[in-house]
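The structure under discussion appears below in the form of structure tokens.
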Amino acid sequence: MEPILKIRGLFKRFEPGPWVIDDFDLSIAAGSVVYVLGPSGCGKTTLLRLVCGFESPDAGEIVKEGEVISRPGLVLPPEARRIGMVFQDYALFPHLTVAQNVRFGLEGGRGPLGLFGRRRWGSGEPNGYGRSLNELYDLTGLHGLQERYPHELSGGQQQRVALARALARAPDLILLDEPFSNLDTSLRARIREELRTVLRQSGATSLLVTHDQEEAINLGDRIAVMNEGRLEQAGTPEDILHRPANRLVASFVGLSEFIPGRVDGDLVVTELGSHPLPPGLSAPNGTRLDVQLRPSYVQPCENGQGAAAQVVGLEFQGAQTLYKLALPSGTHIRASLPGHLTLSPGDQVQIRFHPPVMVCFPAT
Ligand code: ATP
């Protein structure tokens, strides 16, 4: 299927600084939920602002449904893009109530969000807003707050109004910049699941920016990992977790460390045991590799099956405990082990390494 959005060779800088977006390419399939993940300051918000039409690129282009909407010298205005955006700072109308702010989206008024979708959200017809609004208020937990003004709401509530307003008019593409950052943990879990369902039902494509790796891994169809304005890797959550393109992606997503390994035939030998080389990788005997280790890959085992590690620290995490362990070589790793083990600093524990997939990079 033709992607709904193609970003090709995009560059952006704020003079006289460095490139904030640096030769960035990304294709987004219609109806998908795509997360942009990356460290603070890597250019995520700037990327959304370029897609939305609030910034113009220095080079490259953005194509939506076959039409160039941005390139140097041509920037289709935000209101002509049929793209909705929920900003980190909400951008609500202070003089309008919650109901008026949300209704603004349904009625397609003009304003700073540029919500000018072709279809209405849900099944609400022009005189059937009640149902659509009720659904939106249910989804976003805004019932009872409709007559309040933004200054009478908490930050999280304001964010939910912005979300409801952006969803109200079912844009083709909805951009969300850290949409859940001000919601408490339980509301965040509920609303993000529901949002995903609604986004799917409405057929909208969504591009979300987050620092929250867990959210991206659990909810994204695809994840684009960004660093210093560049795309490091775009793929499914499984690709990113199990087939990281480079060490940076491997280290950025989830807790991850590397232990030294050495090629021996078709095996990688580490101090925590030997494992088959990753498919497609072959190297001469003795080649030194760094082998990725996540805390969940470590298991306790019987004496003689793995290596004896010494506990140097621990952090309780419910059913599991995250231990900091020193391997016989002195290498420190983190291991997520069952809470019932009740180990203390100084204790010895026999462990082995059981990765679902082997990820290796040339030794540094
Ligand atoms: P965060 O996750 O902290 O929100 P981000 O990944 O969204 O960060 P951006 O807000 O896109 O990052 O900023 C990327 C870089 O561009 C930063 O160094 C920022 O200071 C710079 N920048 C962004 N907007 C402007 C601007 N209007 N003028 C000058 N520099 C800017």
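The set of residues in segment 67-97 being in contact with a strand residue (DSSP E or B) (Cβ under 9 Å, 6 or more places away or on another chain), of a type in the set (Gly, Ala, Ser) and not in a strand (DSSP E or B) consists of ALA80, ALA91. Checked against (1) in a strand (DSSP E or B); (2) small (Gly, Ala, Ser); (3) closer than 21 Å to SER206 by Cβ, GLY60 passes all but a single condition, namely (3). Within segment 341-354, residues that are over 7 Å from VAL311 (Cβ atoms) sit with their Cβ atoms under 7 Å from residues that are open to solvent by 50 Å² or more (accessible area, probe 1.4 Å) and assigned to a strand (DSSP E or B), at 6+ positions apart or across chains, in these pairs: LEU341/PRO300; GLN348/GLN310; GLN350/PRO300; ILE351/GLN299; ILE351/PRO300; ARG352/GLN299; HIS354/GLN299.
Specify the residue that is least open to solvent (accessible area, probe 1.4 Å); the eligible residues are those in segment 135-154 that are among the charged types (D, E, K, R) and part of a helix (DSSP H, G or I). Within segment 135-154, the match that is least open to solvent (accessible area, probe 1.4 Å) is GLU135.
Residues that are within 10 Å of the ligand (Cβ to nearest atom) and either charged (D, E, K, R) or open to solvent by less than 10 Å² (accessible area, probe 1.4 Å) (or both) within segment 46-59 comprise LEU47, LEU48, ARG49, LEU50, GLU55, listed in sequence order. Scanning segment 325-357 for residues that are under 27 Å from the mean Cα position of the chain (by Cα) and open to solvent by 30 Å² or more (accessible area, probe 1.4 Å) yields ARG334, HIS354, PRO356, VAL357.
If you go through segment 282-303 and pick out every residue that is more than 23 Å from ASP266 (Cβ to Cβ) and free of Cβ contacts under 8 Å to residues at least 40 places away in the same chain, you end up with 0.
Checking each residue in segment 16-45 for being open to solvent by 30 Å² or more (accessible area, probe 1.4 Å) and within 12 Å of the ligand (Cβ to nearest atom) picks out PRO16, PRO18, TRP19, VAL20, ASP22, PRO39, SER40, GLY41, THR45. Looking at segment 161-191 only, could you name the residues that are crowded, with 19+ Cβ neighbours inside 10 Å and assigned to a helix (DSSP H, G or I)? Residues satisfying the conditions are VAL161, ALA162, LEU163, ALA164, ARG165, ALA166, LEU167, ALA168, ILE191. Just one of the listed residues (SER336, SER274, SER344) is touching a strand residue (DSSP E or B) at 6+ places or on another chain (Cβ under 9 Å), farther than 26 Å from ASN246 by Cα and hydroxyl-bearing (Ser, Thr, Tyr), and it is SER344. In this entry, ARG247 is excluded by the filter for residues that are open to solvent by 10 Å² or more (accessible area, probe 1.4 Å), modelled with pLDDT under 80 and charged (D, E, K, R).
The values are calculated or read from the model by the stated rules, or taken from the named source; none is laboratory data. Treat the numbers as computed from the prediction; the structure is a model and nothing was measured. Note that each Cβ is placed from the backbone with ideal geometry, even for glycine, and that neighbours are counted across all protein chains shown. Ligands, DNA and RNA are excluded from the accessible area calculation, which covers all protein heavy atoms including side chains. Shrake-Rupley method; radii C 1.70, N 1.55, O 1.52, S 1.80 Å.
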